[in-house]
Amino acid sequence: MARMRLIAKRRGEMEERFGKKRCATKAVKLVFLYVLLTMVLGPAPLSAAMTDLGTLGGTYSRAYAINKTGQVVGASLTSSEEMHPFLYSNGTMIDLGTFGGSGWSEAYDINDAGQVVGYSQTFLENDAAFLYTDGHLWNLGTL
């Protein structure tokens, strides 16, 4: 019985040792392949650039999401210091509006069809989810 435990223990040690060696060998091969491709093809060019989206007349804006066509959504202060959701498309920042609350609203995401979701305060100061699509802001109800 003790011999069987010893054999099982050694088998586990061998599997552990060779398993780690296999992983290390794969890692070395991947690094070698990366270095070789970089030497042959050169480094991959960066195709991204930072763009100042501007504001809706205030001093601050922030972006939350971007879709495949480059449309960006977020929130920006207006000249009256209210936070409004925006859609930035084709170089223009569009104020998506509010539901008449104290002026605190944000757009959080956009899909590839250009539909925007976020929240806006209502005139009763409740937070309500919205969907902006085809130029209309739809109230989806309170959160």
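Each value in this text was obtained by applying a stated rule to the coordinates, not by laboratory testing. What you see is a predicted model; the values in this text were computed from it and never measured. Every residue, glycine among them, receives a Cβ derived from its backbone with ideal geometry; neighbour counts consider all protein chains shown.
Peptides 103-116, 127-140 ranked from most to least packed give 103-116, 127-140, packing being the mean of other C-beta atoms within 10 angstrom over each peptide's residues. Each residue of the stretch 136-141 was assigned a 3J(HN,Hα) from its phi angle through the Karplus expression (A = 6.51, B = -1.76, C = 1.60, θ = phi - 60°), giving 10, 9, 9, 7, 9, x Hz with x at Gly and Pro. Computed extension length for T92-W138: 14.4 nm, one decimal, from 0.36 nm per residue of separation with the Cα-Cα distance subtracted. Rounded to the nearest angstrom and listed largest first, the equivalent-ellipsoid semi-axes of the stretch 57-142 from its Cα gyration tensor are 19, 16, 9. Computed extension gain for L131 through A113, at 0.36 nm per residue and net of the alpha carbon distance, reaches 5.2 nm.
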